[in-house]
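Undergrad: Mind looking over this structure? Questions follow.
The values are calculated or read from the model by the stated rules, or taken from the named source; none is laboratory data. On a predicted model such as this, the values are computed, not experimentally measured, just so you know. Note that each Cβ is placed from the backbone with ideal geometry, even for glycine, and that neighbours are counted across all protein chains shown. SASA here: full protein model, heavy atoms, side chains in, ligands and nucleic acids out. Shrake-Rupley method; radii C 1.70, N 1.55, O 1.52, S 1.80 Å.
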Amino acid sequence: MVNLVELAHVVDLLGRYASRSIIDKALLSAGLDRTILTGASGFIPYAAEAVLVESVARAINDRHLGARVGKDFEYSAYGAYSHYVLGAPNLASALDRGGRALRLIQPGSEIVIRETETHLVVGRDSKGLSVVGHHHLDEAALFVIGHVVRHYLGPAWLPDWVEVPDRNGNEVVELGKIVGSAIRTGAQMPAIAIEKGVLAALNPSPPAPEQTISLDELGALMCVKPAQTMEGAVIEVLHIISANGLASEGDVARLLAIGPRTLQRALKAESTSFRSLQSQFIESRARFLLSETSKPISELAKTLGYSEPKSFRRAFKVWTGLSPSAFRSAYRTQ
């Protein structure tokens, strides 16, 4: 999963390389639209962000768009997360903080550190997810990790080498030009090499004591609570893409980068099912739309997946004991 804060910034950065219409089409192909970028908190599936960047990259014929976006990425866009990481007293502790708090911006991913005799090789493991466009996010991750290092060592710092999964020769040459460092292929995950001798570098702009925040405080400051179960992930996806209509089991499985049967087994292990979660979501969404909007009931029913308004009215009365119009009237009276 990926925090919506990150997605909003990525969409802004894509605007440097592609037209608004291209980006809007790419959002749609990922099951998203711009409405989720305004004032929302929460997460979208990793696969959706990958499809978004890949769709734009294909439209403008740029194999390394992810790297360019990562290079442009403003680490401060992460808000409280960046304040927490870049508030560490030295580089070593900043890398540690980034790894421990990563679940708040990319739950399901992990910062992995491998030690050689002379270097730390720091990478981001997306847990084996291999989805369309994932190489763009792999390449962007190289720069996002590098932004942390540059805060302590200065903007001119470059990794001694960069590791990526397999690439062909032309791609390696082009990526090397963007990164500015030697590229080593065949790695399990994207990673950058940091010389051990610089890990003690002190923070050039440490926060005042009263401005420091703890990991325990960080989640509340970011107003997020990552899904810890498959049930939670499904509900998160249903909420995020509800603006485009009701999602099917296949839609949700695709966005979570798993097969429908895998999704079914995971939900069964949690004593629930997609059908049950979808029904709960529809009821909750119906209550919200009737209470907080003036949408006609016929339009609302269609949004919630009902081809006939009368079918929605019957279902809603089973849930609440009231017709949709009576529920709306009662809410407004109160």
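Undergrad: Roughly what % antiparallel, to the nearest 5, for the DSSP beta bridges in the chain?
TA: Working: 16 of 20 bridges.
The antiparallel proportion sits near 80 percent.
Undergrad: Once the Cα gyration tensor of region 105-194 is diagonalised, what are the square roots of 5 times its eigenvalues, in whole Å and ordered largest first, as equivalent ellipsoid semi-axes?
TA: On the way: eigenvalues 71, 56, 33 Å².
Value: 19, 17, 13 Å, ordered largest first.
Undergrad: Carbon and sulfur atoms: what percent of the 1.4 Å accessible area of the chain do they account for?
TA: Values: 8230 of 15980 Å².
So the carbon and sulfur contribution to the accessible surface is 51 percent.
Undergrad: Would you mind computing, in nm to one decimal, how far apart the modelled labels at residue 116 and residue 208 are, each placed 7 Å from Cα along Cα→Cβ?
TA: 4.3 nm
Undergrad: Give the calculated FRET efficiency between residue 168 and residue 323 to the nearest 0.05, with a Förster radius of 45 Å applied to their Cβ-Cβ distance.
TA: Working: r = 62 Å, r/R0 = 1.37.
It comes out at approximately 0.15.
Undergrad: Keeping every protein chain present and rolling a 1.4 Å probe, give me the accessible area per residue for the chain in Å².
TA: On the way: 15980 Å² over 334 residues.
Per-residue value: 48 Å².
Undergrad: For region 1-95, what's the relative contact order in percent, using C-alpha pairs closer than 8 Å and at least 6 residues apart?
TA: Working: 81 pairs, mean separation 32.0, N = 95.
Reported as a whole number, the value is 34 percent.
Undergrad: Take each uninterrupted DSSP H stretch in the chain, measure its Cα extent along the helix axis, and return the ones at 18 Å or beyond whose mean Kyte-Doolittle hydropathy is at least 1.0. Spell out each step's value before the answer.
TA: Details: long enough: 46-60 (22 Å, 1.09); 134-153 (29 Å, 0.29); 274-292 (26 Å, -0.24).
Both cut-offs are met by 46-60.
Undergrad: Of all the C-alpha pairs in region 31-83, what % are more than 16 Å from each other?
TA: On the way: 793 of 1378 pairs.
Of all Cα-Cα pairs in region 31-83, 58 percent lie more than 16 Å apart.
Undergrad: Taking the convex hull of the Cα atoms, report for region 84-145 its projected area averaged over all directions, in nm².
TA: On the way: hull surface 19.1 nm².
Value for region 84-145: 4.8 nm².
Undergrad: Here's something else I'd like to know. Over the alpha-carbon set of the chain, divide Rg by the Kirkwood Rh and report the Rg/Rh ratio to two decimals. Walk me through the intermediate numbers first.
TA: On the way: Rg = 22.4 Å, Rh = 21.8 Å.
Checking Rg against Rh, the ratio lands at 1.03.
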